[in-house]
Amino acid sequence: MREVRLVSRAAGLPRPENFEVVDVPVPEGDGVLVRNLVFHVFPGLRLLVGDGDGATPLPRLSPGDALVGAAVGEVVSAPDGASAQPGDLVSHFLGWREYSLVPEGRYVRLDGELPDPAAHLAPGVAAYSALTREAPVRPGETVLVTGAAGGVGSLAGQVARLLGAGRVVGTTGSPRKAERLVAEFGYDAVLSREEASAVEGVLKAVPDGVDVVVDNVGGEQLRAAVGAANQDARIALVGTLSSQLAPDGSGTSAPVELDLFELIRKRVGLRGVLALDPEMRGEWTRRFGEWLRAGEIAFPHTRFQGIESAPRALHELLAGGHLGSVVVAV
Ligand SMILES: NC(=O)c1ccc[n+]([C@@H]2O[C@H](COP(=O)([O-])OP(=O)(O)OC[C@H]3O[C@@H](n4cnc5c(N)ncnc54)[C@H](OP(=O)(O)O)[C@@H]3O)[C@@H](O)[C@H]2O)c1
């Protein structure tokens with residue numbers, strides 16, 4: 001079988017030469033053996049393969065380690081007493097390899113809730129959690145989604161609309177993506193990064209201010225969102241793309257200066273999102289499946305074919321080359 005390994009820690013954004021696709025024996029030992037069908041290429045990997053020394057959400061990888069990430073595959077063998085059987089579809093976090101040996105307790109059996117197994121890799125649970133828990137949207141309210149063309153943002157606009165938002169505005173670095181977000185993915189208007197980095201720019205698209213913000217970007221865009229926030233606005237802090245994908249540094253810290261007087265005066269709520277709760281994931285998956293089957297939502301993604309394409313897929317994701325999520329079909 002083949003797997004993708006880290007060759008060298010990257011200074012700045014990783015490049016395909018930081019990785020290699022190697023032949024290795026199929027793993028043996030405790031756990032279920034899974035033949036992977038598809039895995040997720042996600043921006044947080046930049047933090048795990050970089051040469052910085054800041055805190056990371058998952059353990060940093062060393063040269064020689066196989067990469068990790070969410071994957072969906074079919075169980076080919078299972079020890080006695082395992083909760084999955086050969087033929088079952090499972091999700092787990094040991095992607096980037098053709099076969100994974102997944103210990104008991106570190107996989108989830110999938111019951112066909114979603115019409116396409118790859119849709120289990122959609123990072124929509126972060127958007128759903130933000131819009132129902134950390135910054136719940138009420139019918140008719142105005143929602144701003146920064147980083148609207150990413151995996152999270154391209155679902156957040158659609159989810160906000162389905163939850164009854166009035167006006168939904170996004171931000172992106174690409175005019176072509178802006179057009180598609182409006183035509184296909186539920187946005188009323190989309191601002192450029194430059195417009196989104198100034199309060200006046202945001203207010204051009206939302207003259208009455210914003211009630212709910214799903215912030216995937218941080219930095220200047222978060223500061224402008226606070227400036228455009230209405231009384232009692234709620235801001236869900238989901239990601240930090242402006243720092244995480246900056247060409248310099250290691251992406252592991254995301255400082256921003258906010259005017260606390262403004263936050264207090266408008267009683268703005270700021271809450272971090274960490275969409276790891278299994279119950280929340282279950283609720284999202286159920287609703288996502290219903291919306292997909294009813295044709296009310298789309299899973300925007302680009303699918304690369306073959307594990308050998310994975311280093312290029314990561315490079316193109318980090319360069320902003322795609323709208324929505326990026327996945328690799330093994
Ligand atoms: N809290 C949680 O539970 C949770 C869960 C999942 C993800 N996240 C985080 O949420 C954020 C979004 O995730 P995602 O999967 O949607 O990301 P993604 O799909 O990988 O986003 C990639 C997009 O980011 C944009 N981008 C690149 N550099 C940027 C910059 N300097 N400033 C602003 N945007 C930039 C580009 O889009 P444009 O060309 O449109 O600018 C690029 O296509 C990430 O920080 C991720 O780690 C958090």
Candidates GLY157, GLY147, filtered to the one that is in contact with a Leu (Cβ under 8 Å, 6 or more places away or on another chain) and within 10 Å of the ligand (Cβ to nearest atom): GLY147
Given (1) touching a residue at least 12 places away in the same chain (Cβ under 8 Å); (2) in a helix (DSSP H, G or I), index of the condition ALA254 fails: (2)
Matching option when the condition is in the same structural domain as ALA246 (by TED's automatic domain parsing), modelled with pLDDT of 95 or more, under 18 Å from GLY239 (Cα atoms) and within 16 Å of the ligand (Cβ to nearest atom), among ARG180, ARG176, ARG193: ARG193
All positions within region 211-221 that are within 13 Å of the ligand (Cβ to nearest atom) and either assigned to a strand (DSSP E or B) or surrounded by fewer than 24 Cβ atoms within 10 Å (Cβ to Cβ) (or both): VAL214, ASP215, GLY218, GLY219, GLU220
Residue within region 274-290 that is out of contact with any strand residue (DSSP E or B) (no Cβ under 8 Å at 6 or more places or on another chain), assigned to a loop (DSSP other than H, G, I, E, B) and of a type in the set (Ser, Thr, Tyr) present: no
Qualifying residues in region 239-257 (those that are within 18 Å of GLU134 (Cβ to Cβ) and out of contact with any Pro (no Cβ under 9 Å at 6 or more places or on another chain)) - the one farthest from the ligand (Cβ to nearest atom): VAL256
Residue match in region 235-242 (condition: surrounded by 16 or more Cβ atoms within 10 Å (Cβ to Cβ), at pLDDT 95 or above, more than 25 Å from HIS315 (Cβ to Cβ) and in contact with a helix residue (DSSP H, G or I) (Cβ under 6 Å, 6 or more places away or on another chain)): yes
Residues of region 291-330 satisfying the condition of being more than 16 Å from the ligand (Cβ to nearest atom), in contact (Cβ under 8 Å) with a residue 24 or more places away in the chain and part of a helix (DSSP H, G or I): TRP291, LEU292, ARG293, ILE307, GLU308
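The values are calculated or read from the model by the stated rules, or taken from the named source; none is laboratory data. What you are looking at is a predicted structure, and each value in this text was computed from that prediction instead of being measured. In this analysis, Cβ positions are derived from the backbone assuming ideal geometry, glycine residues included, and neighbour counts consider all displayed protein chains.
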